[in-house]
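The structure under discussion appears below in the form of structure tokens.
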Ligand SMILES: *[C@@H]1O[C@H](CO)[C@@H](O)[C@H](O)[C@H]1NC(C)=O
Ligand SMILES: *[C@@H]1O[C@H](CO)[C@@H](O)[C@H](O)[C@H]1NC(C)=O
């Protein structure tokens, strides 16, 4: 389904990152780095930390460094030439943990979500329900960095998580969503972002990523796991007939490439968003999806920090459905488990040994929707399976709650600039406030319909 021109465009993104020599102030090494490891004349590759070596002006200075620096020096030399190596097994000692990123870590609880939950629970008069509601504050979700203004919160959480890890002796893992592409949400309207391609969007996006990287770099003891850009690549698989998506294609690819490379440079474990069973899980979409994700992975240097894909983000599908919802008729991959089992081999055959995470935050109740594509504030939804690495599948690293349940998917106010008619369908709870803001009535249903119960 993709044209040769499309892949030519993809491949054209590659040379900048496999140049023989890195530019002055460019990256030249570090854990997960597979780009150039030598520097342009007049500069020397110097190890700044385990994750980042940089081409600095002048000759090499002997580092007065710790053992971690020397281990990373060796990674720089052993990494040379890996840009063209594709064997997933040929990893050096500098590569990240091969296994599950959650292993050995405790997930940091977002204070922001905990505060939303506390306020939401306090507004419930039924004391039994209020107590169940309050307990949700202990369940980890992801922090959505959906605008530059959220980045200072990341710094606060990292610092807090670092201190917590030191005081408790249990290392902390912080879960974030990278979500600020220019012309974001190209096939819908509810989550339009702050950047536009026509107005310097790509440069602004790179600035957004740079600021996130600068924060993360300061706290190497906190592990960070990121979901990369919900819906964006899936829209490039199926929605290029939408003008805004066609216009955004090149920019999305360049921006996602930048995010993957920069976040890998500071040791962030990443899962690219891959829609859900009812989107890319249709048999006709599996191969084009696998080709795109594998190409994006390859263009980003096949870093081992790019663990794989996130599915069902902010959606409602079951991981394993007791029986197919009638709306899934015609798709043999009617739940996330079937979708993942179908997609993984296609990815592997394209050279991407991906593992998965699956959002089950709002998947507690099934058979609620009129149509599978309905995504906005679905009536009757309940909190789902709690986050766990005990997933029953070696392909699935963790069940997660990516969407903080209780935050709105989109407004039902037809006068709002971000109004999407999906949010006024008969299966969407109304009236609904703007995307991302607290939706108390929805939260109360999630609590009372939680499965397993709270
Ligand atoms: C985007 O693609 C999905 C999956 O094919 C489709 O259901 C949806 O209608 C498309 N959206 C638009 C706005 O065309
Ligand atoms: C709906 O949106 C319009 C335009 O933003 C706003 O003026 C109006 O107050 C909103 N109505 C409600 C009920 O929120």
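The values are calculated or read from the model by the stated rules, or taken from the named source; none is laboratory data. None of the values given here were measured: they were computed from a predicted structure. Virtual Cβ from ideal backbone geometry, glycine too; neighbours counted across all protein chains shown.
You will find that of 133, 137, the residue that is out of contact with any strand residue (DSSP E or B) (no Cβ under 9 Å at 6 or more places or on another chain), at pLDDT 95 or above and surrounded by 20 or more Cβ atoms within 10 Å (Cβ to Cβ) is 133 and no other.
To keep it simple, each residue is scored yes or no on (1) within 16 Å of ligand 1 (Cβ to nearest atom); (2) closer than 23 Å to residue 282 by Cβ; (3) part of a strand (DSSP E or B); (4) under 17 Å from the mean Cα position of the chain (by Cα).
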{"residue": "318", "(1), (2), (3), (4)": "no, yes, no, no"}
{"residue": "347", "(1), (2), (3), (4)": "no, yes, no, no"}
{"residue": "352", "(1), (2), (3), (4)": "no, yes, no, yes"}
{"residue": "369", "(1), (2), (3), (4)": "yes, yes, no, no"}
{"residue": "392", "(1), (2), (3), (4)": "no, no, no, no"}
{"residue": "412", "(1), (2), (3), (4)": "no, no, no, no"}
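A search for C-beta distances below 6 Å between a residue of the range 276-289 that is more than 10 Å from residue 343 (Cα to Cα) and outside any helix (DSSP H, G or I) and any residue that is at pLDDT 95 or above and within 11 Å of ligand 1 (Cβ to nearest atom), counting only pairs 6+ apart in sequence or on different chains, returns 278/372; 279/234. Can you confirm whether the range 241-251 contains a residue that is away from ligand 1 (no atom under 16 Å from the Cβ), within 18 Å of the chain's Cα centre (by Cα), in a helix (DSSP H, G or I) and surrounded by fewer than 22 Cβ atoms within 10 Å (Cβ to Cβ)? Within the range 241-251, one or more residues are away from ligand 1 (no atom under 16 Å from the Cβ), within 18 Å of the chain's Cα centre (by Cα), in a helix (DSSP H, G or I) and surrounded by fewer than 22 Cβ atoms within 10 Å (Cβ to Cβ). Looking only at the range 436-452, decide whether some residue is over 27 Å from residue 118 (Cβ atoms), within 16 Å of ligand 2 (Cβ to nearest atom) and without any contact (Cβ under 8 Å) to a residue 40 or more places away in the chain. Taking every residue of the range 436-452 in turn, none turns out to be over 27 Å from residue 118 (Cβ atoms), within 16 Å of ligand 2 (Cβ to nearest atom) and without any contact (Cβ under 8 Å) to a residue 40 or more places away in the chain. Of all residues in the range 405-422, those that are over 9 Å from residue 377 (Cα atoms) have Cβ atoms under 6 Å from Cβ atoms of residues that are within 14 Å of ligand 2 (Cβ to nearest atom) and not in a loop (DSSP other than H, G, I, E, B), 6 or more apart or on another chain, in 412/423; 412/424. Taking only the range 423-435 into account, find how many residues are under 19 Å from residue 383 (Cβ atoms) and either within 12 Å of ligand 2 (Cβ to nearest atom) or out of contact with any helix residue (DSSP H, G or I) (no Cβ under 8 Å at 6 or more places or on another chain) (or both). Final tally of qualifying residues: 2. Taken over the range 414-454, the criterion of being within 16 Å of ligand 1 (Cβ to nearest atom), more than 26 Å from the chain's Cα centre (by Cα) and assigned to a loop (DSSP other than H, G, I, E, B) is satisfied by 425, 427.
Scanning the range 151-187 for residues that are more than 12 Å from residue 219 (Cα to Cα), surrounded by 19 or more Cβ atoms within 10 Å (Cβ to Cβ) and under 17 Å from the mean Cα position of the chain (by Cα) returns 175, 176, 177, 178, 179, 180, 181, 182, 184, 185.
Can you name the residue in the range 210-240 that is assigned to a helix (DSSP H, G or I), in contact (Cβ under 8 Å) with a residue 24 or more places away in the chain and more than 30 Å from residue 286 (Cα to Cα) and, of all such residues, is farthest from ligand 1 (Cβ to nearest atom)?
If we take residues in the range 210-240 being assigned to a helix (DSSP H, G or I), in contact (Cβ under 8 Å) with a residue 24 or more places away in the chain and more than 30 Å from residue 286 (Cα to Cα), then 217 is farthest from ligand 1 (Cβ to nearest atom).
From the list 398, 412, the one residue that fits, being within 16 Å of ligand 2 (Cβ to nearest atom) and either within 20 Å of residue 106 (Cβ to Cβ) or at pLDDT 95 or above (or both), is 412.
Of the residues that make up the range 188-198, is at least one over 20 Å from residue 308 (Cβ atoms), modelled with pLDDT under 95, within 16 Å of ligand 1 (Cβ to nearest atom) and under 17 Å from the mean Cα position of the chain (by Cα)? The answer is yes, given that some residue of the range 188-198 is over 20 Å from residue 308 (Cβ atoms), modelled with pLDDT under 95, within 16 Å of ligand 1 (Cβ to nearest atom) and under 17 Å from the mean Cα position of the chain (by Cα). How many residues, within the range 115-156, are in a helix (DSSP H, G or I) and over 28 Å from residue 181 (Cβ atoms)? Qualifying residue count, the range 115-156: 18. Here the condition is being closer than 23 Å to residue 143 by Cβ, within 16 Å of ligand 1 (Cβ to nearest atom) and surrounded by 18 or more Cβ atoms within 10 Å (Cβ to Cβ); of 376, 408, it holds for 376 alone.
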